[in-house]
1. Give me the pairs: first residue in segment 272-286 and under 19 Å from L18 (Cβ atoms) and in contact (Cβ under 8 Å) with a residue 40 or more places away in the chain, second residue surrounded by 10 or more Cβ atoms within 10 Å (Cβ to Cβ) and of a type in the set (V, I, T), beta-carbon distance under 8 Å, and six or more apart or on different chains, which are they?
2. Among the numbered criteria (1) surrounded by 15 or more Cβ atoms within 10 Å (Cβ to Cβ); (2) touching a residue at least 12 places away in the same chain (Cβ under 8 Å), which single criterion is violated by D103?
3. Pull up segment 199-214, narrow it to residues that are surrounded by 13 or more Cβ atoms within 10 Å (Cβ to Cβ) and over 21 Å from the mean Cα position of the chain (by Cα), then point me to the one that is farthest from E254 (Cα to Cα).
4. Got at least one residue in segment 161-170 being in contact (Cβ under 8 Å) with a residue 40 or more places away in the chain, over 20 Å from the mean Cα position of the chain (by Cα) and surrounded by 18 or more Cβ atoms within 10 Å (Cβ to Cβ)?
5. Against the conditions (1) surrounded by fewer than 18 Cβ atoms within 10 Å (Cβ to Cβ); (2) among the β-branched types (V, I, T); (3) under 16 Å from the mean Cα position of the chain (by Cα), where does T124 fall short? Just the number, please.
6. Would segment 134-141 turn up any residue that is touching a residue at least 60 places away in the same chain (Cβ under 8 Å) and more than 21 Å from the chain's Cα centre (by Cα)?
7. Out of everything in segment 180-198 that is surrounded by 14 or more Cβ atoms within 10 Å (Cβ to Cβ) and among the charged types (D, E, K, R), what residue ends up being farthest from D230 (Cα to Cα)?
Amino acid sequence: MEFHLSFDPPAMAEKINLRDSVMLSGSCFTEHMTARLKYYKFRVLENPHGILFNPFSLSSSIQACIAKQDYTGTDIFFDQGIWSGWDFHSRFSNPDPVKALADMNQATESGHDFLKNAQWLILTLGSAFIYQLETGRIVANCHKAPAKMFRKRLPTLEEILSELDNLVHRVFLFNPGIRIIFTISPVRHLRDGFVENNRSKALLIQAVHHLVNKFEKIFYFPAYELVVDDLRDYRFYAEDMVHPNHQATNYVWEKFAASGFSDSTRETMKEIHKLKAALTHKPMHPETSGHKQFLQKNLETTIELAGRFPFLDLEEELSYFSS
C-alpha cells in the first residue's frame, strides 16, 4: 500500500556543470540552494540586492545590475537611526549613509560583472503581493516602516507577465548565452492569509509557465510542487510551519541535482563530498601514523582532483591535508 505520492522532475534539456557560473536571486529559499552549490564548489553569486520576494523587485534588481545603476542619496531614506534603500534588503542598511550607498553600489557592480559572464540565472519567486508607497513605487523591503506608508496589492497576471517578459528580454540581450531557471518558493506566506497565499502562488506559477513555453532557454524546476504535493506533510516544515526544514530542502536539492546536473558532474560532486567529510574529521590522536596516512591519501586525492578540474577552489582542502 502506498502512503506517499512522489514524482521525479523531468531531466532538463541543458545541464549545469562545475565549470558554470550560477547567479541566484529571489526569496529566502534561494539561500538554501546557494549553500549547497557552494558546498560543491560551484562559482555562485547570491542575491546581489538581498532577499527579494515579489517579481517586480526581483526584476528591478536584475535590471539594475545589468545597467550597473549608480545609487545616490535620493535612493536612500533615514528612519529609526539608519539609512536604507527601498530596492534593497535590510542587510544593506547602515547608520552611515556613505557606507550604505557604497555597499549598495558595490553589490550592484558585482552583480553586473558576474551576470555578464554567467551561464545560469536561477530566479526564485516567493510572493506576488507588492507593497507600494504613495508615489506608486514598489518596495523590495518595508524596513519595518509604519504600515500606513504602504498600499498592499495583488497584481494581475498581465502585470506580472509584462514585467517578467521585459526582464527576460533584457537578460538575454545583456548575456545571449545565459539560461534561466525559474522556481517558485515552497515557503508559505501565511501572513497574507491561506487563500491569499494560494492565489499569489497560482499567479506566479501561471506567469512562469507562460515564459517557459515562450522561450527556449528558460526552464522550470518544481521546488514548490515537491514540498507541497510530494512531501505534503508538516513534519517537513520548521517549527513555524511555514519554512521547509532541512530534510525538505535536502530532498528538493537531490531532485534538482538529478534533474539539472550531468552524470559526470554528479560523480565529481560525490568526490568533493568525500573530501569535505574528510575535512571535518576530528582525529583523537593526530600524531599517529594512521592519521598521517589519512592526510596523505586525501592530499593525493585532492591534488588529482585539482589536476582534472583546475578551476575548482580546493585551497582549503590542500592546506588542511598538507598540514
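The values are calculated or read from the model by the stated rules, or taken from the named source; none is laboratory data. Computed from a prediction, not measured in an experiment: that's the story for all the values here. Note that we place each Cβ from the backbone using ideal geometry, even for glycine, and neighbour counts take in every protein chain shown.
1. Matching pairs, first to second residue: L275/T301; L275/T302.
2. Every listed condition holds for D103 apart from (2).
3. R199
4. yes
5. (1)
6. We begin by selecting, within segment 134-141, every residue touching a residue at least 60 places away in the same chain (Cβ under 8 Å); these are 138-141.
From the residues that got through so far, the ones that are more than 21 Å from the chain's Cα centre (by Cα) too are 138.
Yes, because at least one residue in segment 134-141 is touching a residue at least 60 places away in the same chain (Cβ under 8 Å) and more than 21 Å from the chain's Cα centre (by Cα).
7. D192
Residue by residue, here is whether (1) within 18 Å of G26 (Cβ to Cβ); (2) modelled with pLDDT under 95 holds:
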{"residue": "L58", "(1), (2)": "yes, no"}
{"residue": "A64", "(1), (2)": "yes, no"}
{"residue": "Y71", "(1), (2)": "no, no"}
{"residue": "T74", "(1), (2)": "no, yes"}
{"residue": "Q80", "(1), (2)": "no, yes"}
{"residue": "W86", "(1), (2)": "yes, no"}
{"residue": "S93", "(1), (2)": "no, no"}
{"residue": "A100", "(1), (2)": "no, no"}
